[in-house]
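Report on the following structure.
The values are calculated or read from the model by the stated rules, or taken from the named source; none is laboratory data. Values in this document were obtained by computation on a predicted structure and should not be read as measured data. Note that we place each Cβ from the backbone using ideal geometry, even for glycine, and neighbour counts take in every protein chain shown. With ligands, DNA and RNA removed, areas are computed over all heavy atoms of the protein, side chains included. Shrake-Rupley method; radii C 1.70, N 1.55, O 1.52, S 1.80 Å.
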Amino acid sequence: TIKVNGTKFKSIVVDKCTKVNVIFPTIISGCEIVNSKKIAVQSDGVCPVFTIDKTVGVSVYLSKESADVSSFTTSMSSEMNVSIPDGDDYKEIPIPEQFYHKITDGTLSSEVSELYR
């Protein structure tokens, strides 16, 4: 477990790590997780953007302040979950990794797979 102390940081990057937990305060730009396995990150402040790329098994824990403002960009990753505060506990939500694509009138449309509804 790595706890980043301070008040605000520009960004956090977790690259090529296995079985690592990172806890951090407010991030101005975002948190990037790349080429990793079994990672957990926890925002104690606000983190507007999470980028997850080529990672297997990531858990993101958001603070109450971050839950309504955070967005996620993912590619080539699996087993992704985000947990948001729900009273005194956390509510875990899976991040979809499977989509349904269809071409209609020369335009591609994409939807989340039925597995996540």
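Here are the numbers:
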{"read-out": "Qualifying residue in region 14-33 (condition: in contact with a Gly (Cβ under 8 Å, 6 or more places away or on another chain), over 20 Å from residue 79 (Cα atoms) and open to solvent by 90 Å² or more (accessible area, probe 1.4 Å))", "value": "no"}
{"read-out": "Odd one out for residue 58, checked against (1) under 29 Å from residue 117 (Cβ atoms); (2) open to solvent by 30 Å² or more (accessible area, probe 1.4 Å)", "value": "(2)"}
{"read-out": "Selection count where residues are in a loop (DSSP other than H, G, I, E, B), open to solvent by 60 Å² or more (accessible area, probe 1.4 Å) and not β-branched (Val, Ile, Thr), scope region 61-117", "value": "9"}
{"read-out": "Count of region 46-59 residues which are within 16 Å of residue 18 (Cα to Cα), touching a residue at least 24 places away in the same chain (Cβ under 8 Å) and either assigned to a strand (DSSP E or B) or touching a Leu at 6+ places or on another chain (Cβ under 8 Å) (or both)", "value": "4"}
{"read-out": "Of residues in region 34-45 being open to solvent by 50 Å² or more (accessible area, probe 1.4 Å) and not in a strand (DSSP E or B), the one farthest from residue 1 (Cα to Cα)", "value": "35"}
